[in-house]
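The values are calculated or read from the model by the stated rules, or taken from the named source; none is laboratory data. If you're wondering where the values come from, they're calculated on a predicted model, not measured in any experiment. All Cβ positions, glycine included, derive from the backbone under ideal geometry; neighbour counts span all protein chains shown. Each accessible area value is taken on the protein alone, full model and side chains, heavy atoms only, with ligands, DNA and RNA left out. Shrake-Rupley method; radii C 1.70, N 1.55, O 1.52, S 1.80 Å.
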Amino acid sequence: LLCRDQGRWDEAIAHLERAAAGFEHEGADDYRGRVWNNLGEVAMLCGRYDEALRRFTGALELMATRVYQVDVHVNIGLVRQAQGDEAGALEAYGAARALAETIGRADSLPLILYRIGHAEQRLGRAEDALRYYQLAIEAIEARRAPLRDEGLLIGLMGRWQLVYEAAIGLCLERGDPGAAFGYAERARARAFADMLARRHELSAPPVAPVGAAEAAARLPAGDLLIAFFAAGLPGPEAALLRAIPEAAAGLRSCLAAEPRLVRFAVSRAQVTAEIRAINPQSLQPTTRFQADGRRFLPAPILRRLAGAL
């Protein structure tokens, strides 16, 4: 699995096939089904969709534990989306949701609801998509345990922030900057609450961020609140995403969010949002030296950043 997450496909397959052979020898079909699911994931990531579906179908037949069947149904939905079959994807995600709710696997519901919303959005049903994104966000915020970058995975990769980013992007497409600002503040508030909870080993406190209407009402006349939100920043899944070949371009489009920087402007009179002409990934550190934020402080760099923002 480490090889898979680093995009080392051949090594991952070799290890997984050894594991599958060992479990088959022991008659441990349930464990072999889990390995078949992992083999299907590698095939999917390489763009071999027919092989992936064969593996996933075999995994469901082998598995006796329904907990991991949820993941298989989600993976089948991802393959269907990668193939452009959104209706087939919704059927698979629906099966995953029904099973997760039946067995009480609440940890998987944000992922499933997010994926349903993504498929609905691709079908042009924006209102339905936003409703599922909202349900996914509510499921995230119902969790009191702090969420780490790698804690709530969106399938194989991604983080819980992707759910908020999807809602923000859809609100902007629908011309509703006020709602987009609200989701951005909810994402920021949840991240801050999680940071505090991790540092002090507490459960994440309830979050009640200020929305656009409340922020506007609190501003003195003539004042302007500027807030930025960066979407599509790479995380622990970056190596895996880079390794996805062109043959799996359909899958990449389901997993990789477009990097963009949104600038919100809130006044007493209105809320506006614009996509700024700067890639937020260019501000991410790639070395230990760059991780020192003081590198932005020299006057020429500050002037360039101010102009770009």
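Tabulated results
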| quantity | calculated |
| --- | --- |
| Taking the chain and dividing mean pair separation by its residue count, relative contact order in percent (alpha carbons under 8 Å, at least six apart) | 15 percent |
| Surface per residue (accessible, 1.4 Å probe) for the chain, Å² | 51 Å² |
| Degrees, to the nearest 10: 109-122 long Cα axis against longest axis of the chain | 80 degrees |
| Amide N proximity, the stretch 240-263 versus Glu173 label position 7 Å along Cα-to-Cβ, cut-off under 18 Å | 250-262 |
| FRET efficiency for Glu138 and Glu91, using Cβ-Cβ distance with R0 set to 30 Å, rounded to 0.05 | 0.80 |
| Within the accessible area of the chain (1.4 Å probe), percent carbon and sulfur | 53 percent |
| Additional length obtainable on full extension of the chain from Ala269 to Arg122, 0.36 nm per residue less Cα span | 49.6 nm |
| Estimated inter-spin distance, Gln281 and Arg252, nm [label 7 Å along Cα→Cβ] | 1.0 nm |
| Choice from Gly40, Gly124, Gly222 with maximal GNM fluctuation in the chain (Cα, 10 Å cutoff) | Gly222 |
| At R0 = 30 Å, FRET efficiency that the Cβ-Cβ distance of Ala239 and Arg66 yields, to 0.05 | 0.45 |
| Dipole magnitude of the chain about its Cα centre (Cβ charges: Lys, Arg +1; Asp, Glu -1), debye to nearest 20 | 1220 debye |
| Proximal charge balance of Thr286 [Cβ under 15 Å; K/R count +1, D/E count -1] | +2 |
| Sum of -39500 (n - 2.57) over DSSP H runs of 4+, divided by residues of the chain (222 nm, nearest 500) | -19000 deg cm²/dmol |
